[in-house]
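The values are calculated or read from the model by the stated rules, or taken from the named source; none is laboratory data. As the structure is a computational prediction, the values presented were derived from the model and not from experiment. Here Cβ is always computed from backbone atoms with ideal geometry, including for glycine, and neighbour counts include all displayed protein chains.
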Amino acid sequence: MNLIVCLKQIPSEESIKFDSNGNLIRENIKLINNIYDEYALENALILKDKYGFKVTAITMGPTSAEEIIRYAISKGVDEGYLITDPKLKGSDAFITSMVISKAIEKIKKEEDYAVFFGLKSGDGETGVVASEVSRFLKIPVVCGVSEIDFFENCFFATQLLSFETVKLKIQKPCCLSFDLSKIKFRVVSIKNKIKSKNFIVPKFSLSDLNLEIDGIKDSPTKVLDLKEVQTNSQRNFEELKLENPEDIEKIKKIIYE
């Protein structure tokens, strides 16, 4: 079994800036690892420890994104790949998913695999890449997993919903995205640190993946406007009671308008 974990570097909170077109500025900023991806990575490594699965890391970005692959190697990942090409700059979630899917098809080498994602990224927060990749690969997807196990040749995922805990049985191959949970991250060993420093990160360009695309021009998602969204603390709330006829009329008006 090959567990392919998709990782991403994102701008730190204080580094987030947008250009005049509403695109995130990624040059000359401080980057950090996406926190949701850390949970995907740790869950994959837990399954590796328990069942001896192979774990492969993959990321898409500039050549400097090698750093996150070496980080994954230091945590215990077996191998890693970087998708990098100048034409990928400005890619939206759709193009990103297409490119990642092509790379996964090149990496997996067999049908006995699964793809792990973080639930969303801290910069885009679209939360759709896992679902899009599953569509391109034509395999099932489960999003928002908190715990994972494997037996009877299937994955067993736990989802913590607002009203109940759900346990799902998923056949492989599949895509799984992981939410934040109470799982504890492992301590990096000296052995893996040394391995990560010596690891030469293999790279895929668009030509390697037999793709001819332009990240900005071919991305269907367009940012039309940016507006500040009010938080709950900024809004004025009015308590409405169902036993009050006037409040009932207000509720009807809110619903139907």
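Tabulated values for the structure
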quantity	calculated
Residues that are part of a loop (DSSP other than H, G, I, E, B) and under 14 Å from the mean Cα position of the chain (by Cα), drawn from segment 77-124	Asp92, Leu119, Lys120, Ser121, Gly122, Asp123, Gly124
Selection from segment 45-73 of residues that are in contact with a strand residue (DSSP E or B) (Cβ under 7 Å, 6 or more places away or on another chain) and closer than 19 Å to Asn153 by Cβ	Leu47, Lys48, Tyr51, Phe53, Lys54, Val55
Filtered residue count, segment 61-76, keeping only those that are crowded, with 19+ Cβ neighbours inside 10 Å and part of a loop (DSSP other than H, G, I, E, B)	2
Lone unmet requirement of (1) in contact with a Lys or Arg (Cβ under 9 Å, 6 or more places away or on another chain); (2) surrounded by 19 or more Cβ atoms within 10 Å (Cβ to Cβ); (3) within 30 Å of Pro220 (Cβ to Cβ); (4) small (Gly, Ala, Ser) for Ser91	(1)
Cβ pairs under 7 Å, 6+ apart, first in segment 127-139 and touching a residue at least 12 places away in the same chain (Cβ under 8 Å), second part of a helix (DSSP H, G or I) and among the polar types (S, T, N, Q)	Val129/Thr96; Val129/Ser97; Glu132/Ser97; Val133/Ser97; Val133/Ser101; Phe136/Ser97; Phe136/Ser101; Leu137/Ser101
Test: Lys167 is surrounded by 10 or more Cβ atoms within 10 Å (Cβ to Cβ), at pLDDT 85 or above and either within 30 Å of Asn43 (Cα to Cα) or hydrophobic (A, V, I, L, M, F, W, C) (or both)	yes
Of residues in segment 228-257 being in a helix (DSSP H, G or I) and either at pLDDT below 65 or hydroxyl-bearing (Ser, Thr, Tyr) (or both), the one nearest to the chain's Cα centre (by Cα)	Asn232
